[in-house]
Amino acid sequence: MKRTSEKRHWDEFWASSPGMEDVYANDDRLVRFLLSQIDVKGKRVLEVGAGTGRDSLALARRGARVTTFDYSDESLRLLRGVAGDEMDIVCGDALALPFADGSFDIVFHQGLLEHFREPQLLLRENHRVLRTRGCLLVDVPQRWHYYTLMKHALMAANRWFAGWETEFSAGELSRLMREAGFEITGAYGSNLFPPVWYRGVRRVLLKAGVRLPMQPSPAAHRMRESMRNAVPHPVRMVTSMVIGVMGRRT
């Protein structure tokens, strides 16, 4: 039987993070990229698979009209803790979004597409709820990284927290988005700090009552950022742990 990523995996994952202080942010990479491409003020924005909703909250505070969407009860608990009256929160199925055609100017998701065996189904649903010339930003694990080897080993041992996931090269993700009706307009590559192995060790120890610092070395973070910014964009797209690709609905 094929492994899948199921609701119970995400309820367990988010339940193991009792508060936002124990959930890693993503270094604002999505927000920074979106703001470099689009003036979000007044735009209708949908985050699918919102998780903590941190990116949505940042966009809402820059004037966007934001809706967050998830199906995990525990994710919705975290969202309600930060949303206030700045964002709408909706629960449901990402493959059957409860919104009319052309409802949004921007749709984005991070860490979502890789959990679908048929990613085109999600991309086409994203396409449906976007207005013509609206933008989709998809952020996923990049294939050529040690993270890929690590997670596949854990999946083989039935120890992967999300049950199942895949990964994409920048070329593959761009092709899938074009096939779903998007014109590619931009892309980025990024690595995590602290690295994924540290985050995994910290989560295991947290369950045992041992709390490592979230950010072990700010100086190392700054050095890492300087080195990353010096890497040419094509190289970054094949060496980063995560990539984001933006497309415009045609």
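The values are calculated or read from the model by the stated rules, or taken from the named source; none is laboratory data. Quick caveat, the model's predicted, so the values are computed rather than measured. Note that we place each Cβ from the backbone using ideal geometry, even for glycine, and neighbour counts take in every protein chain shown. Remember, those area values only see protein heavy atoms, side chains included, never the ligands or the DNA or RNA. Shrake-Rupley method; radii C 1.70, N 1.55, O 1.52, S 1.80 Å.
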Which FRET efficiency, nearest 0.05, do V235 and M155 yield, Cβ-Cβ r, R0 25 Å?
0.35
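If you count, for each residue, the other Cβ atoms within 10 Å and average over each peptide, how do 110-121, 206-217 line up from highest to lowest?
Ranked by mean Cβ neighbours within 10 Å, highest first: 110-121, 206-217.
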At each listed q (0.13, 0.15 Å⁻¹), what is the log10 of I(q)/I(0) that the Debye formula gives for region 9-153 modelled as equal alpha-carbon point scatterers?
-0.57, -0.77
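Given an 8 Å cut-off on Cα distances and at least 6 residues of separation, report the relative contact order of region 25-173 as a percent.
Normalised by residue count, the contact order of region 25-173 is 19 percent.
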What value does the chain have for Rg/Rh, both radii from Cα atoms and Rh as Kirkwood defines it?
0.94
Of A58, A157, A96, which has the largest mean-square fluctuation in a 10 Å C-alpha GNM of the chain?
A157
So, with points 7 Å from each Cα along the Cβ direction, the T185-D27 label distance in nm works out to 2.5
P(r) histogram, all alpha-carbon pairs of region 131-200 included - 10 Å bins from 0, percent:
16, 42, 28, 13, 1
The answer for V66, listing residues at least 5 apart or on another chain whose modeled amide H is closer than 5 Å to its amide H, is V45, D88
By a straight-distance test (C-alpha under 21 Å), which lysines pair with K2 as possible cross-link partners, with residues fewer than eight away in the same chain excluded?
K151
Could you rank the peptides 62-72, 44-54 by their average count of other C-beta atoms within 10 Å per residue, with the highest value first?
44-54, 62-72
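Where does the chain land at 222 nm, in deg cm²/dmol rounded to the nearest 500, when only DSSP H runs of n ≥ 4 count, each adding -39500 (n - 2.57), divided by all residues?
-11500 deg cm²/dmol
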DSSP beta bridge pairing in the chain, given as percent antiparallel to the nearest 5:
45
Roughly how many percent of the accessible protein surface of the chain is carbon and sulfur, given a 1.4 Å probe and a whole-percent answer?
56
